[in-house]
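Below is one structure; the comments refer to it alone.
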Amino acid sequence: MKLGPTANGLKGTIQIPADKSISHRSIMFGALAEGTTTIRNFLRGEDCFSTLNAFRALGVPIEDDGETITVTGVGFRGLKAASGAIDVGNSGTTIRLMMGILAGQPFTTTLFGDDSLAKRPMNRVMLPLREMGARLTGSSGSEFPPITVSGSDQLKPIHYQLPVASAQVKSAVIFAALQAQGTSTIIEKESTRNHTEEMIKQFGGEISCAKDGKTITVTGPQTFKAQEVTVPGDISSAAFFLVAAAITADSQITLTNVGINPSRTGILEVMTAMGAKLSMLSVDQQNQSADLEIMTSQLQATTISGAIIPRLIDELPIIALLATQATGQTIIKDAEELKVKETNRIDATAEELKKMGADITPTEDGLIINGPTPLQGAAVDSRGDHRIGMMLAIAALIAKGETQLQREEAVAVSYPEFFADLHTLSIKGGK
Ligand code: S3P
């Protein structure tokens with residue numbers, strides 16, 4: 001698709017689509033609970049439909065009236081073997097969390113996905129689940145999908161120190177621990193998003209997290225009670241427009257209903273430290289959401305490393321674009337996990353932004369960006385990665401001349417209305 005620079009900046013208000021992590025988990029907890037769970041503001045993106053369809057394949061009745069999703073929970077003991085292998089598309093969250101759930105089921109399931117998913121490492125999940133007593137195998141003896149899980153209804157608890165900072169791995173082990181007999185302890189390398197832990201409590205289960213925020217204790221077996229879930233907006237989707245408004249001239253926008261769970265708000269801290277004119281309005285503590293207002297900003301470079309990385313991991317490609325417009329050298333380190341996302345996001349971000357004239361260098365565990373650098377339109381490629389696609393579309397807003405974005409359809413994985421929302425904010429800017 002062809003994209004051009006904004007004529008008059010971005011203006012107006014949009015509602016950010018629902019949180020992807022919470023939408024996945026709302027289907028999972030709804031399926032594992034007893035009773036009928038309703039989900040409002042479910043993310044209608046491809047990844048979350050992969051989870052929805054996977055649970056239907058496991059015999060869970062799920063209705064969708066186009067507005068509300070209704071899940072008739074079957075409990076941990078009510079899932080049934082699927083009639084064939086389950087396709088989870090591009091979704092790492094679906095495959096990894098389901099491996100933890102299926103580890104405790106007395107039947108065999110095969111999970112597979114697209115070409116990107118077939119390259120993503122699964123040992124990180126398979127190793128602890130094997131230790132708990134499940135059998136898991138990857139394609140031709142490798143750690144890569146398709147993954148076949150032969151579960152056990154006699155899982156043993158585990159004491160496990162996570163070798164990677166990953167909410168997906170943590171969540172998979174928690175789901176298995178919820179089905180094991182006894183108490184498991186899971187110690188994180190760094191604190192990661194805590195939506196699984198929060199939803200266990202919301203659905204009437206028990207889990208405790210020590211004061212250091214990294215040691216989790218969970219005792220199985222547990223049962224859950226159905227809930228009414230309303231999913232807040234996804235801060236990882238909001239990130240693209242926060243950066244867009246900060247780097248385009250004459251912009252002022254408001255993004256409503258954005259989730260502000262503290263395990264996800266690293267980007268707000270980084271943007272504020274860089275000098276972004278960003279404010280949080282009408283904070284709703286109960287729902288952990290707020291409206292975010294942002295306008296064109298003068299930006300300074302920064303260093304991003306250590307414990308904040310998991311709190312903004314998915315935002316690093318768009319933060320790299322932000323850094324191309326900040327004065328000085330921005331250093332991103334301790335982010336080697338970016339190499340095993342939907343693409344190698346260190347290489348994809350550096351190579352695609354370089355085509356537009358950015359001064360950006362990939363490193364072993366991050367990126368070094370010098371700014372401010374004017375960008376030029378170029379032929380760029382999402383590489384099938386939704387977040388790379390959206391980052392490049394925002395880069396086009398400040399590039400001189402035309403940008404040709406290939407494989408733009410990838411955005412539908414997490415933000416199907418992305419181009420429509422971009423259009424809305426640009427039209428308002430034109431008025
Ligand atoms: C997610 C966790 C993160 C994140 C992904 C969603 C989740 O992955 O990158 O988009 O919902 O648990 P890792 O846990 O592998 O870092």
**Asked** In the range 330-343, how many residues are surrounded by fewer than 20 Cβ atoms within 10 Å (Cβ to Cβ) and either away from the ligand (no atom under 16 Å from the Cβ) or modelled with pLDDT under 95 (or both)?
**Response** 2
**Request:** Among the residues of the range 329-345, write down those that are more than 15 Å from R120 (Cβ to Cβ) and of a type outside the set (S, T, Y).
**Result:** Q329, I331, I332, K333, D334, A335
**Message:** If a residue must be more than 23 Å from A33 (Cα to Cα), part of a loop (DSSP other than H, G, I, E, B) and hydroxyl-bearing (S, T, Y), how many such residues does the range 133-190 contain?
**Reply:** 2
**Message:** Looking only at the range 30-46, count every residue that is part of a helix (DSSP H, G or I) and crowded, with 24+ Cβ neighbours inside 10 Å and tell me the total.
**Reply:** 3
**Request:** List the number of the failed condition for S236; all other conditions in (1) in the same structural domain as P106 (by TED's automatic domain parsing); (2) within 30 Å of L292 (Cβ to Cβ); (3) within 15 Å of the ligand (Cβ to nearest atom) hold.
**Result:** (1)
**Complete:** Counted residues in the range 208-235 being over 30 Å from S282 (Cβ atoms) and either in a loop (DSSP other than H, G, I, E, B) or touching a His at 6+ places or on another chain (Cβ under 7 Å) (or both) come to 7
**Request:** Consider only pairs whose beta carbons are under 7 Å apart and that are at least six residues apart or on different chains; among these, list those whose first residue lies in the range 159-173 and is closer than 14 Å to I313 by Cβ and whose second residue is more than 12 Å from the ligand (Cβ to nearest atom) and in a strand (DSSP E or B).
**Result:** K170/I186
**Request:** Any chance you could count how many residues in the range 189-211 are under 25 Å from S152 (Cβ atoms) and within 16 Å of the ligand (Cβ to nearest atom)?
**Result:** 5
**Asked** Of the residues that sit in the range 184-213 and are closer than 17 Å to I313 by Cα and without any contact (Cβ under 8 Å) to a residue 40 or more places away in the chain, which one is surrounded by the most Cβ atoms within 10 Å (Cβ to Cβ)?
**Response** E188
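Conditions tested, residue by residue: (1) surrounded by fewer than 16 Cβ atoms within 10 Å (Cβ to Cβ); (2) of a type outside the set (A, V, I, L, M); (3) in a strand (DSSP E or B).
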position	(1), (2), (3)
A249	yes, no, no
L255	no, no, yes
V258	no, no, yes
I267	no, no, no
M271	no, no, no
D291	no, yes, yes
I308	no, no, no
E315	no, yes, no
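Taking the criterion of being modelled with pLDDT of 95 or more, surrounded by fewer than 22 Cβ atoms within 10 Å (Cβ to Cβ), more than 18 Å from E197 (Cα to Cα) and away from the ligand (no atom under 12 Å from the Cβ), would at least one residue in the range 94-102 satisfy it?
So far as the range 94-102 goes, no, none of its residues is modelled with pLDDT of 95 or more, surrounded by fewer than 22 Cβ atoms within 10 Å (Cβ to Cβ), more than 18 Å from E197 (Cα to Cα) and away from the ligand (no atom under 12 Å from the Cβ).
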**Message:** On the basis of being within 16 Å of the ligand (Cβ to nearest atom) and surrounded by fewer than 16 Cβ atoms within 10 Å (Cβ to Cβ), does A348 make the cut?
**Reply:** no
**Message:** I need the full set of residues from the range 161-173 which are crowded, with 21+ Cβ neighbours inside 10 Å and not hydrophobic (A, V, I, L, M, F, W, C), in order please.
**Reply:** S166, Q168, K170, S171
**Request:** Scan the range 171-188 and give yes if some residue there is polar (S, T, N, Q) and either in contact with a helix residue (DSSP H, G or I) (Cβ under 6 Å, 6 or more places away or on another chain) or within 16 Å of the ligand (Cβ to nearest atom) (or both), otherwise no.
**Result:** yes
**Request:** Go through (1) crowded, with 20+ Cβ neighbours inside 10 Å; (2) under 27 Å from F76 (Cβ atoms) and name the single condition I304 misses.
**Result:** (2)
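The values are calculated or read from the model by the stated rules, or taken from the named source; none is laboratory data. From a predicted model like this one, the values you see are computed outputs, not experimental measurements. Cβ: placed from backbone, ideal geometry, glycine included. Neighbour counts: every protein chain shown.
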